[in-house]
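Asker: Shown below is the structure under consideration.
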Amino acid sequence: VVVTGCDKALGGAAEDLKRAGIVLWHGHDPEHVVGARAVVVTSAMPKDHPEIVRARALGIPVIRRAEALGEAVAGGEVVGVAGTHGKTPTSSVLAEVLLGCGRDCGFLVGARIASLDTPARAGTDPVFVVEPDESDGTAFVLPRAGAIVTNVEPDHLEHHGGFAALRSGFDRFVADTPGPVVICLDDPVAAALARAHRDHPQLSTYGTGPAADVRLVDVSLGRDAVTW
């Protein structure tokens, strides 16, 4: 299978993709999709984008990133880390902890994990740590066995149509997760989410306050490290 891709600006991840054998083009061109079995797009691409229009004219399936991600991790025990802030460090630490415990987990996070020198890997273990993005609704539709919610703040409202709709999305994210759900109580909206789902059979909480199931105390925030 040959994987190709293109963008107006090829960022730092471009070299990683090239090393993985992915063919990258700078800029967009409808000819890029000719001969493709499927075209995966982000929600940022308008429906009248020339490449999408050409793909549909050729009968090539156009698949949202969320759907492609779901297919990539299908059959695994996905742990989704969602929230307005803190998704990348939380999912990175979780992946490193699992690997340190001998679990050859797969992961897909939003930045390169320094100790592993990569933002993603397949792994042989069924556990797969994913940082789904609520900006395009990926977080709320990705099938998962477990979930972590760091916080919930007004963001990406142009996609969701308002903060109430975003909160409803996180409500479904928790309600539809059959396995363990971990929520941070330091954020007031996330804390309200935890209270609303206090009957979830596998709910646990963390934070700096006394109400958290797992509590972080004597925290010292340094320039290069956090200690407690």
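The values are calculated or read from the model by the stated rules, or taken from the named source; none is laboratory data. Bear in mind that the values here come from a model prediction, so they are computed numbers and not experimental data. Here the Cβ is made from the backbone with ideal geometry for all residues, glycine too, and neighbour counts use every protein chain on show. Protein only, heavy atoms only, side chains kept; ligands, DNA and RNA dropped before computing areas. Shrake-Rupley method; radii C 1.70, N 1.55, O 1.52, S 1.80 Å.
Asker: Return one whole number: the accessible area per residue of region 153-228 in Å², for a 1.4 Å probe.
Answerer: 64 Å²
Asker: Follow-up. In cubic angstrom, how much convex hull volume per residue do the alpha carbon atoms of region 153-226 span?
Answerer: Spelled out: Cα convex hull of region 153-226, divided by residues, is 120 Å³.
Asker: Pick from THR208, THR88, THR177: which residue has the top mean-square fluctuation in a GNM of the chain where Cα pairs under 10 Å get a spring?
Answerer: Highest fluctuation among the options: THR208.
Asker: Calculate I(q)/I(0) for region 98-228 by the Debye formula, one identical point scatterer on each C-alpha and no solvent, and give its log10 at q = 0.10, 0.18, 0.19 Å⁻¹ to two decimals.
Answerer: Per q value, in the given order, log10 I(q)/I(0) is -0.39, -1.21, -1.29.
Asker: How big is the convex hull of the Cα atoms of region 1-126, per residue, in Å³?
Answerer: Enclosed volume per residue, from the Cα hull, is 128 Å³.
Asker: Straight-line reach from LYS18: which lysines have Cα under 18 Å away, leaving out those fewer than 8 places along the same chain?
Answerer: Counting by Cα, and skipping residues close in sequence, LYS18 has these lysines nearby: LYS8.
Asker: From zero outward in steps of 5 Å, how is the percent of C-alpha pairs of region 24-72 spread across the bins?
Answerer: P(r) for region 24-72, in whole percents per bin: 5, 21, 31, 26, 15, 2.
Asker: Still on this structure, I have one more. Expressed as a whole percentage, what fraction of the accessible surface of the chain belongs to carbon and sulfur atoms when a 1.4 Å probe is rolled over the protein heavy atoms?
Answerer: 56 percent
Asker: Can you list, bin by bin at 10 Å, the percent of alpha carbon pairs in region 59-141, starting at 0?
Answerer: 18, 51, 25, 5, 1
Asker: Quick check: Cα centre of region 1-57 to Cα centre of region 171-217, how many Å?
Answerer: A separation of 38 Å, based on Cα centres.
Asker: Provide Rg over Rh for the chain; use the alpha carbon set for both Rg and the Kirkwood Rh (inverse mean inverse pair distance).
Answerer: Reported Rg/Rh, Kirkwood definition of Rh: 0.99.
Asker: I've got another one for you. Give the relative contact order (percent, whole number) for region 45-157; include only Cα pairs under 8 Å separated by 6+ residues.
Answerer: 34 percent
Asker: Put +1 on the Cβ of each Lys and Arg and -1 on the Cβ of each Asp and Glu in region 18-126; which of MET45, LEU108, VAL81 then has its Cα farthest toward the positive end of the dipole?
Answerer: In region 18-126, that residue is MET45.
Asker: Tell me, what is the per residue accessible area of region 88-149 in Å², probe radius 1.4 Å?
Answerer: 41 Å²
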